[in-house]
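**Q** Submitted below is the structure of interest, expressed as structure tokens.
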Amino acid sequence: MRRPILELPDELISQIAAGEVVERPASVVRELLDNALDAGARQINIRLVAGGVRLIAVEDDGLGILPHELPIAFKRHATSKIGNLSDLESVATMGFRGEALAAINAIADCAILSKANDQGTAYLLDGRTGELKPIARSQGTTVEVKELFYSTPARRKFLKSDATELAHCIESVRRHALARPDVGFSVWHDGKLIEQWRRCDPQHSAMAALKQRMADILGSDFIDQSVAVDWISAAPVGERATSSATAMRVWGRVGVPDLARARADQQYCYVNGRFVRDKVLTHAARQAYEDVLHGQRQPVYALYLEMNPTRVDVNVHPTKIEVRFRDSREVHQADRHAAEDALAVPRTQSLLVPTGPPTPESSGNANLPGNAAIVSGLNGKAAPSWSPTQSSMRFFSAPSPLGHRVSDLGALWGNLRTESTSPNAAMGSATDDRATAQNLASGESPQPDCEGPSGQVSPAAAAPNEHWPLGRALAQLHGIYILSENSQGMVIIDMHAAHERIVYERLKAQLKATQSSASPDTNARLSSQPLLIPATFAATATEIAVAESRADALHALGLEITPLTARTLAVRAVPTTLAQGDAVELARSVLSELQQHDASTLIEHAQNELLATMACHGAVRANRRLSLEEMNALLRQMESTERSDQCNHGRPTWRQITTGELDALFLRGR
Ligand code: ADP
Ligand code: MG
């Protein structure tokens, strides 16, 4: 049956549009908070009744709305934020579509009370009747939304329990609050104050303000177990990073792998102050954790990306929760490297009582994420006050370059064969102490000098030194753990797990170095050492086939495995770093892994997996007796190796137990 084509009445259009914007009370909260922040509010109070279904009132102390503009605010496509297409291309406000108030008014009982900053009286506009009348109120705006979905009962049925809706509303406030530590927030439910986050001290640096707000919202555990990120993309030569159109800054904090959770419910990503859900960003963050967090565990982080607003389209989703990047590869790299670099720095450094160089929290400027000044600064409209110069690496007084000064691991192996020297040899003289302290001050790593031909660790390596985060090794427990004493108390180190990571990072660095220096015709390979007597073993037909067909890949890994007879393989060369390990075991597991990755070229991920497997064979085994020097050498290597806080499977390699914790254990001082 044919039906006539009719234009929809205005109210119905608004109700349909509202379906896109308002899904539940939390969506209203989000829109009203956006508006309050756009109006320059310093304090925002949110009052909810029955999970926001009966009432949502958002009160701010922002600019306010002029009385004659109040009725326009409720109109569809009415906004003060953009005026033309070029404004749309560089949106620096949270809202810009001019549809939120109209949509909310179409599906709930709304009222706006507002006093503009230059007006004597406040006015109340009733959204239902359109009546405007004077009222008492200080500067700012309150939007009241009552009985959500009263006119669309079908949608009201989709709402969950009040408690669930309340939780969503609070999450919405948390998302905003995490981006704006310069604004105070309070949340009331059914007349009770349930959350309150004070605005930061304006004297505080941006990083300090953010840290405080994160502590309020994500808890002090998050602060204790996360590292600061402050990364800025390198500007093209001759261009200042701040003025470059493509410059990007990624900052915030990333939780250490220990803090990972079963659910991905504490991953906050912001683009120019706007909370977004974006596949590119979450994938990049996931990759940043790839080498330190395994399995299904979900990391915790809050990362703020700042970029030129013309390079990101925020107008692709009615609720603005999704964005589209002009160059998503560049964004992915920035996000990944920012987090990866911060996570790579060994956290043993944090065991030292901080002295000297400024921490990220005490330096920097007072810009905040979401601050329009940042955005317009990038845009060249305002003076670019945005000039973070530190990279995350500089925040740490760790020896540099990290991870590349690990001394010859052969020394550790060499020592395993000689009987351990007397424990007294572990005690260095005061002169050694001072020498090492000076090295540290001059940026040199306190290298245990293990590179001598004798493979002996110098006394300095074993000397007690307060600059050594992991302290001085005291003993080995059950052939598995190293017990060490540092300035905070005692450290327990999983010797195999730690050594495995050191070997792994070393193999990665070696392969990377050869890859970058290799010419197209000389293939990159790990340095290899021929075995005087080839190690032979009975092999399966598959193993022999893999050894033959993947000889190139084996060669690149520093291995040479050739068939000796129809049933035996001979290992003729192994990577130098692993020369002391069991060649047959190594060959077998590499062959079995190569068989699983049948690609002819090894992609980075598979390659790392292979190196990790190899490292496992190269690492010192449980039940090996280590001398104190060897233990100390291992600790020093950990301190200067990237990602050494986790083993290759993402488990921790060391734990600190402070004297305070020990005292509590023994009820001391009670
Ligand atoms: P948008 O935020 O996309 O502009 P809205 O429908 O959310 O659209 O709001 C319409 C207009 O009402 C805004 O552009 C702004 O000028 C005004 N407005 C809304 N909320 C506030 C507020 N809390 N304080 C001051 N002005 C407001
Ligand atoms: Mg809005």
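The values are calculated or read from the model by the stated rules, or taken from the named source; none is laboratory data. Keep in mind that this is a model prediction, so the values were computed, not measured. Positions of Cβ are backbone-derived with ideal geometry, glycine not excepted, and every protein chain shown enters the neighbour counts. Surface areas here come from the heavy atoms of the whole protein model, side chains and all, with no ligands, DNA or RNA. Shrake-Rupley method; radii C 1.70, N 1.55, O 1.52, S 1.80 Å.
**Q** Just how many % of Cα pairs in region 1-65 lie over 20 Å apart, if you round to the nearest whole percent?
**A** 47 percent
**Q** Could I ask something else about it? Find the all-direction average of the projected area of the Cα convex hull for region 571-651, expressing the result in square nanometres with one decimal place.
**A** 6.7 nm²
**Q** On to the next question. With a cut-off of at most 14 other beta carbons within 10 Å, and DSSP calling the residue loop, which trypsin sites (Lys or Arg not before Pro) in region 181-237 qualify? Please list them.
**A** When the trypsin sites (Lys or Arg not before Pro) of region 181-237 are filtered for loop state and at most 14 Cβ neighbours within 10 Å, R198 remain.
**Q** Turning to a different aspect of this structure: Show me the chymotrypsin sites (Phe, Trp or Tyr not before Pro) within region 77-166 that DSSP assigns to loop and that have at most 14 other Cβ atoms within 10 Å of their Cβ.
**A** Sparse-neighbourhood loop chymotrypsin sites (Phe, Trp or Tyr not before Pro): Y150, F158.
**Q** Hey, what's the Cα Rg ratio for region 167-216 versus the globular rule of thumb, 2.2 N^0.38 Å?
**A** So region 167-216 has a normalised radius of gyration of 1.17.
**Q** Order the peptides 271-282, 334-345 from the highest to the lowest mean number of other Cβ atoms within 10 Å of their residues.
**A** The most tightly packed comes first, giving 334-345, 271-282.
**Q** Under the Kirkwood approximation applied to all pairs of distinct alpha-carbon atoms, what is the hydrodynamic radius of region 473-594 in Å?
**A** 16.4 Å
**Q** When the distances between all Cα atoms of region 557-598 are binned every 10 Å from zero, what whole-number percent does each bin get?
**A** Calculated P(r), rounded to whole percents: 27, 56, 17.
**Q** Which order do the peptides 88-95, 130-137 take when ranked by the mean count of other beta-carbon atoms within 10 Å per residue, highest first?
**A** Top of the packing list down: 88-95, 130-137.
**Q** With the cut-off at 1.5 for a/c, could you classify region 526-565 from its C-alpha gyration tensor as rounded, prolate or oblate?
**A** Oblate is the answer for region 526-565, as a/c is 1.5 or above yet b/c matches or exceeds a/b.
**Q** If you don't mind, there's one more thing I want to ask. Normalised radius of gyration for region 101-187, please: alpha carbon Rg relative to 2.2 N^0.38 Å, two decimal places.
**A** Rounded to two decimals, the normalised Rg is 1.31.
**Q** Can you give the direction-averaged projected area of the convex hull of the alpha-carbon atoms in region 610-670, in nm²?
**A** 6.1 nm²
**Q** While we're on this one: May I ask for the percentage of alpha-carbon pairs in region 135-255 that lie more than 22 Å from each other?
**A** More than 22 Å apart: 57 percent of the Cα pairs in region 135-255.
**Q** As I understand it, the dipole of region 507-586 uses +1 on the Cβ of Lys and Arg and -1 on the Cβ of Asp and Glu, about the Cα centre. Which of V546, T514, V584 lies farthest toward its positive end?
**A** Of the candidates, T514 comes out farthest on the positive side.
**Q** A further question follows. So for region 124-193, taking the charge dipole from beta-carbon charges (+1 Lys/Arg, -1 Asp/Glu), which of S172, T152, V183 sits furthest toward the positive end?
**A** T152
**Q** Moving on. With all protein chains present, how much of the accessible area of region 27-172 (probe radius 1.4 Å) comes from carbon and sulfur, to the nearest whole percent?
**A** 54 percent
**Q** Arrange the peptides 290-301, 491-502 so that the one whose residues have, on average, the most other Cβ atoms within 10 Å appears first.
**A** Those peptides, ordered most packed to least, come out 491-502, 290-301.
**Q** Where the centroid of each part is defined by its Cα atoms, how far is region 246-297 from region 621-660 in Å?
**A** The two parts, judged by their Cα centres, are 27 Å apart.
**Q** Follow-up. At E604 and D221, where each label point lies 7 Å from the Cα along Cα→Cβ, what is the point-to-point distance in nanometres?
**A** Placing both labels 7 Å beyond Cα along the Cβ direction yields 3.2 nm.
**Q** What do you get for Rg/Rh of region 51-102 when both radii come from the Cα atoms and Rh is the Kirkwood radius?
**A** Reported Rg/Rh, Kirkwood definition of Rh: 1.02.
**Q** Return the ratio Rg/(2.2 N^0.38 Å) for region 513-670, where Rg is computed over Cα atoms only.
**A** 1.34
**Q** Label points 7 Å out from Cα along the Cβ direction at K512 and R76: separation in nm?
**A** 5.5 nm
**Q** Still on this structure, I have one more. For S186, what is the net charge nearby, where nearby means another residue's Cβ is under 10 Å from its Cβ and Lys, Arg count +1, Asp, Glu -1?
**A** 0
**Q** What is the Rg over Rh value, at two decimals, for region 290-350, using alpha-carbon atoms and the Kirkwood definition of Rh?
**A** Radius of gyration relative to Kirkwood radius: 1.06.
**Q** I've got another one for you. What does the charge count near R621 come to, summing +1 for each Lys or Arg and -1 for each Asp or Glu among other residues with Cβ under 12 Å from its Cβ?
**A** Local net charge: -1.
**Q** If you add up the charges near G479, with Lys and Arg at +1 and Asp and Glu at -1, over every other residue whose beta carbon is less than 14 angstrom from its beta carbon, what do you get?
**A** Net charge around G479: +1.
**Q** Averaging over all projection directions, find the projected area of the Cα convex hull of region 1-124 and quote it in nm² with one decimal place.
**A** 10.3 nm²
**Q** Moving on. In the structure displayed, which of K81/K146; K75/K115; K146/K320; K75/K320; K211/K279; K146/K192 lie more than 21 Å apart, Cα to Cα?
**A** Going by Cα-Cα distance, K81/K146; K146/K320; K211/K279 fall outside the 21 Å limit.
**Q** Also, quick follow-up: Can you compute log10 of I(q)/I(0) for region 245-287 with the Debye formula, treating each Cα as one identical point scatterer, at q = 0.15, 0.22, 0.26 Å⁻¹?
**A** Summing over Cα pairs of region 245-287 leads to -0.44, -0.91, -1.20.
**Q** To the nearest µm²/s, what D does Stokes-Einstein give for region 186-318 at 4 °C and 1.567 mPa s, using the Kirkwood radius over alpha carbon pairs as Rh?
**A** In µm²/s, the coefficient rounds to 77.
**Q** Order the following by accessible area, largest value first: E195, E543. Probe radius 1.4 Å; ligands, DNA and RNA are ignored.
**A** E195, E543
**Q** Using alpha carbon centroids, what distance separates region 34-48 and region 80-145, in Å?
**A** 12 Å
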